[in-house]
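Working notes, beginning with the structure itself.
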Amino acid sequence: MSGNRPSAQDLDAAEGARIPDVLSPGLRVLFCGINPGLWSGATGHHFARPGNRFWPVLHDSGFTPRLLEPHEQDELPGFGLGITNFVARASARAAELSDDELRAGGVTLAAKVRQYRPEWVAVVGITAYRVAFGERRATVGRQDRLIEGAQVWVLPNPSGLNAHWTAGTLASEFRQLRQAAIPEPLADRSDHETPC
């Protein structure tokens, strides 16, 4: 890969690549994407494609005190956050995944939640959530179900291709989750620390 931008050859070679989860025990929120795109597969970083709004929306909603770049993903556990996917393999489009893969991904997600015990699971993509858990009428927002004891929130897909959601409406949805999971925004916490 030349520089930070994958070439067309790099993207072709990323088909089927797997990138590691960002996980640690006891997270406040575990974000679950659908699967890595080719850009993520080529770089090894979640939500890496330019135009994906995950990282800016994460900051704008108060989950992170500054805008993180995809290559800084390993800083997330320090904020009580992590990332996984329903399906580990990279593809050009999520539409290439079968319903069986998504359902199997729901089982895998439940096993990760059982092992790592996050307080919340935030599924990033309503259609994938509906298929993975057989919740055909689910809507964006807090869900009634639990996954291995973790509360569940479904968020819109932050892909730039999801034109139904603007950066502002995405941030509003993410902010509602943040207010439920982490009532005080991380950016404001330093104002309340007591000096030693």
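The values are calculated or read from the model by the stated rules, or taken from the named source; none is laboratory data. Everything quoted here is computed from the prediction, not taken from an experiment. So basically every Cβ, Gly included, is an ideal-geometry build from the backbone, and we count neighbours across all protein chains shown. Accessible surface areas use protein heavy atoms only, side chains included; no ligands, DNA or RNA. Shrake-Rupley method; radii C 1.70, N 1.55, O 1.52, S 1.80 Å.
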Only one of (1) part of a helix (DSSP H, G or I); (2) out of contact with any helix residue (DSSP H, G or I) (no Cβ under 6 Å at 6 or more places or on another chain); (3) of a type outside the set (Asp, Glu); (4) within 28 Å of Arg175 (Cβ to Cβ) fails for Pro118. Which number is that? (1)
Report every pair of residues separated by at least 6 positions or lying on different chains whose Cβ atoms are under 6 Å apart, first residue within the range 60-75 and of a type outside the set (Val, Ile, Thr), second in a loop (DSSP other than H, G, I, E, B) and at pLDDT 95 or above. Pro70/His45; His71/His45; Gln73/His45; Gln73/His46
Quick check on Ala8: is it of a type in the set (Gly, Ala, Ser) and either buried (at least 16 other Cβ atoms within 10 Å of the Cβ) or modelled with pLDDT of 95 or more (or both)? no
Report the residue count in the range 121-143 for those that are outside any helix (DSSP H, G or I) and hydrophobic (A, V, I, L, M, F, W, C). 6
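Each row is one residue, and each column tells you yes or no for (1) surrounded by fewer than 22 Cβ atoms within 10 Å (Cβ to Cβ); (2) modelled with pLDDT of 95 or more; (3) hydroxyl-bearing (Ser, Thr, Tyr).
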site	(1), (2), (3)
Ala13	yes, no, no
Gly16	yes, no, no
Val22	yes, yes, no
Leu27	no, yes, no
Ser40	no, no, yes
Gly51	yes, no, no
Trp55	yes, yes, no
Those residues that are within 21 Å of Ala181 (Cβ to Cβ), of a type in the set (Ser, Thr, Tyr) and either surrounded by fewer than 21 Cβ atoms within 10 Å (Cβ to Cβ) or free of Cβ contacts under 8 Å to residues at least 24 places away in the same chain (or both), I need them from the range 98-151; list them, please. Tyr116, Thr139
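Considering Leu146, Leu109, which residue is modelled with pLDDT of 95 or more and part of a helix (DSSP H, G or I)? Before you say what the answer is, go through the steps one by one.
Numbers: Leu146 fails: part of a helix (DSSP H, G or I).
Within the list Leu146, Leu109, the selection yields Leu109.
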Residue ID - surrounded by the most Cβ atoms within 10 Å (Cβ to Cβ), chosen from residues in the range 152-175 that are modelled with pLDDT of 70 or more and over 15 Å from the mean Cα position of the chain (by Cα): Trp165
Cross-chain or 6+ apart pairs with Cβ under 8 Å, the range 80-96 first and under 13 Å from Phe47 (Cβ atoms), then assigned to a strand (DSSP E or B) and open to solvent by 40 Å² or more (accessible area, probe 1.4 Å): Ala90/Arg18
Restricting the search to the range 65-84, which residues are touching a strand residue (DSSP E or B) at 6+ places or on another chain (Cβ under 8 Å) and open to solvent by less than 20 Å² (accessible area, probe 1.4 Å)? Gln73, Leu76, Gly80, Leu81, Gly82, Ile83, Thr84
